[in-house]
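Working notes, structure below.
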Amino acid sequence: MSYFIIEGGRSLRGEIVISGAKNSGLKLMVASLLTAEPVILHNVPNIADIETMCTLLTTLGKTVSKDKEAHSLVIEGPVCSVEAPYDIVSKMRASILVLGPLLARAGEARVSLPGGCAIGTRPVDLHLKGLEVLGAQITLENGYINATTPKGLRGGRIILPFASVGATENLLMAACLAQGKTEIVNAAREPEIADLVACLNMMGARITGELSGVLTIEGVPALHGAEYSVMPDRIECGTYACAAAITGGDLLLKGGRLMDQEAVIAALRKMGAEVKEDAQGLRVSASGRLTGIDLMTEPYPGFPTDMQAQFMALLAVSEGAAMMTETIFENRFMHVPELNRMGANIHIQGRSAIIRGVTRLSGAPVMATDLRASFSLILAGLAAEGTTELRRIYHLDRGYEKVERKLAECGGAIRRVEEAA
């Protein structure tokens, strides 16, 4: 089991190349189930979740060829199995997204109920109800979703009660091969949805409305292969923007795009950080303490829940009082006790956290609880006086590529320690 040792008090200065988006790359990999022809993906991050998805696709019959140096994947071949087993799906919640494509291609699917970060219940009922509108027959038994399409998938009108990203993606992929037209109302509008739509359309799908919240899909008999490059990871970009701000540093985030994260950039600017966009990406800098502000997580284009923990660390050392309200997941404040161990002054009241900024944090042994929380503790460690020891960094390895190298090359004192079993 490995862990990080972080020595705080150093400003980060330099350049960080933003990797391909985890939350897009995984879905584009799943889209390969909709065709037997090669799907070639570039700018794929080298992270644990991508490896897990490679294993799952191989289990379903796909051949996956990897070039890690080039950050590329080639996925091809038929679907030979319709079962996504518990031992793989339990590691990563995105595995549930194979359900729609398997139904569309094979007419049946047996998918374990998903796992992933423990940040809330995140039920899959929206996925299942939407697939039933398209003609699927679904039962739950022994922890598995058993689904069939006796008459094939047929287009229909699906109204989502809230803009679920996962449900939108699952239903979107299933509808590509359904007979007739499908309309998904109140669809999620995240940039990763647009990335998936662009790739599917390159594969021969007929999808419109990805920016409107109402997706229209004209079903086609078959999709073909395509070559596509994964969008930059807007959450990774926002995370390193927070790293520049919390250390009083100056970072050029190469590949970062303002259009993907306007709410995050607006929050940084309101707090007093400077953010500029140029041809290479985003430059983020800060000098002196920032000012605390109130934030509320919302579906895109609102402030993203995946940036809540990182901003919590930033607000912990900002001037004045602030409030962070979490509206997406009900159990996403598990990093707060760990931040308080480092000297933060944060109190939870229901779905809100009241943060009273302190002038300094102190290094301490802390433990990561989920993917984004783990980086909030890195940020706190970078700003703290003394040494921070961060355990359970396997959460971090699921979604961030070469963290210690990227930070160390910009002056951060962070190293990975491999502990004997």
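Specify the residue that is nearest to Ser229 (Cα to Cα); the eligible residues are those in region 261-274 that are of a type in the set (D, E, K, R) and outside any strand (DSSP E or B). The qualifying residue nearest to Ser229 (Cα to Cα) is Glu262.
Being of a type outside the set (A, V, I, L, M, F, W, C), under 24 Å from the mean Cα position of the chain (by Cα) and closer than 28 Å to Gly272 by Cα is the requirement here; does Ser374 meet it? So Ser374 fits the description; yes. For region 299-328, the set of residues classified as aromatic (Phe, Trp, Tyr) and in contact with a helix residue (DSSP H, G or I) (Cβ under 6 Å, 6 or more places away or on another chain) consists of Phe303 only. Suppose we keep only residues that are in a strand (DSSP E or B) and hydrophobic (A, V, I, L, M, F, W, C) within region 131-153. Which one would you say is farthest from Gly100 (Cα to Cα)? Top of the filtered list is Leu140. Arg289 passes every criterion in (1) surrounded by fewer than 19 Cβ atoms within 10 Å (Cβ to Cβ); (2) touching a helix residue (DSSP H, G or I) at 6+ places or on another chain (Cβ under 7 Å); (3) touching a residue at least 40 places away in the same chain (Cβ under 8 Å); (4) within 19 Å of Ala322 (Cα to Cα) apart from (2).
Among the criteria (1) out of contact with any Lys or Arg (no Cβ under 7 Å at 6 or more places or on another chain); (2) crowded, with 20+ Cβ neighbours inside 10 Å; (3) modelled with pLDDT of 95 or more, the one Thr63 does not fulfil is (2). If we scan region 177-194, do we find a residue that is modelled with pLDDT of 95 or more, under 25 Å from Leu73 (Cα atoms) and in contact with a Phe, Trp or Tyr (Cβ under 6 Å, 6 or more places away or on another chain)? Among the residues of region 177-194, at least one is modelled with pLDDT of 95 or more, under 25 Å from Leu73 (Cα atoms) and in contact with a Phe, Trp or Tyr (Cβ under 6 Å, 6 or more places away or on another chain), which makes the answer yes. For Gln280, all conditions in the list (1) modelled with pLDDT of 95 or more; (2) closer than 23 Å to Ala384 by Cα; (3) of a type outside the set (D, E, K, R) hold save one; what is the number of the exception? With respect to (1) modelled with pLDDT of 95 or more; (2) closer than 23 Å to Ala384 by Cα; (3) of a type outside the set (D, E, K, R), Gln280 is out only on (2). What are the pairs, 6+ residues apart or on separate chains, where a residue within region 6-34 that is under 18 Å from Leu99 (Cβ atoms) has its Cβ under 9 Å from a residue that is modelled with pLDDT under 95 and outside any helix (DSSP H, G or I)? Hits for this filter: Asn23/Gly399; Leu26/Met92.
Residues in region 1-28 that are over 14 Å from Glu401 (Cβ atoms), part of a helix (DSSP H, G or I) and either among the hydrophobic types (A, V, I, L, M, F, W, C) or more than 23 Å from the chain's Cα centre (by Cα) (or both): Leu28 alone. For region 126-160, a residue qualifies if it is over 21 Å from Gly107 (Cβ atoms) and modelled with pLDDT under 95, and the qualifying residues are Leu126, Asn142, Gly143.
Of the candidates Leu97, Leu102, Leu171, the single residue that is at pLDDT 90 or above and under 30 Å from Val17 (Cβ atoms) is Leu97. Among all residues of region 29-37, there is at least one that is of a type outside the set (A, V, I, L, M, F, W, C), assigned to a helix (DSSP H, G or I) and closer than 29 Å to Gly135 by Cα.
Could you tell me whether region 364-376 includes any residue that is buried (at least 17 other Cβ atoms within 10 Å of the Cβ) and in a strand (DSSP E or B)? Give the derivation first.
Within region 364-376, the first condition is being buried (at least 17 other Cβ atoms within 10 Å of the Cβ), and the residues that meet it are 364, 366-376.
In the following step, the residues that additionally are in a strand (DSSP E or B) were identified as 366-367.
Yes; the residues of region 364-376 include at least one that is buried (at least 17 other Cβ atoms within 10 Å of the Cβ) and in a strand (DSSP E or B).
Select from region 283-300 the residues that are β-branched (Val, Ile, Thr) and part of a strand (DSSP E or B) and list them in ascending order.
Residues of region 283-300 that are β-branched (Val, Ile, Thr), as a first pass: 284, 291, 293, 297.
If the condition is that a residue be β-branched (Val, Ile, Thr) and part of a strand (DSSP E or B), then Val284, Thr291, Thr297 are the ones that fit.
For region 52-70, a residue qualifies if it is farther than 20 Å from Met231 by Cβ and acidic (Asp, Glu), and exactly one does: Glu69.
Residue count for region 9-32, restricted to those that are more than 23 Å from Gly255 (Cβ to Cβ) and buried (at least 24 other Cβ atoms within 10 Å of the Cβ): 2.
Residue under question is Arg341, and the condition is that it be surrounded by fewer than 16 Cβ atoms within 10 Å (Cβ to Cβ) and touching a strand residue (DSSP E or B) at 6+ places or on another chain (Cβ under 8 Å); does it hold?
On the way: surrounded by fewer than 16 Cβ atoms within 10 Å (Cβ to Cβ): no; touching a strand residue (DSSP E or B) at 6+ places or on another chain (Cβ under 8 Å): yes.
No.
The residue of region 295-329 that is nearest to Asp260 (Cα to Cα), among those that are among the small types (Gly, Ala, Ser) and crowded, with 21+ Cβ neighbours inside 10 Å, is Ala309. Of all residues assigned to region 50-67, at least one qualifies as being of a type in the set (Ser, Thr, Tyr), without any contact (Cβ under 8 Å) to a residue 24 or more places away in the chain and assigned to a helix (DSSP H, G or I).
For region 266-280, the candidate set comprises residues that are closer than 17 Å to Glu15 by Cα and in contact with a Lys or Arg (Cβ under 9 Å, 6 or more places away or on another chain); within that set, the residue that is surrounded by the fewest Cβ atoms within 10 Å (Cβ to Cβ) is Lys276.
The values are calculated or read from the model by the stated rules, or taken from the named source; none is laboratory data. The model shown is predicted, which means the values in this text are computed figures rather than measured ones. Note: ideal-geometry Cβ built from the backbone for every residue, glycine included; neighbour counts use all protein chains shown.
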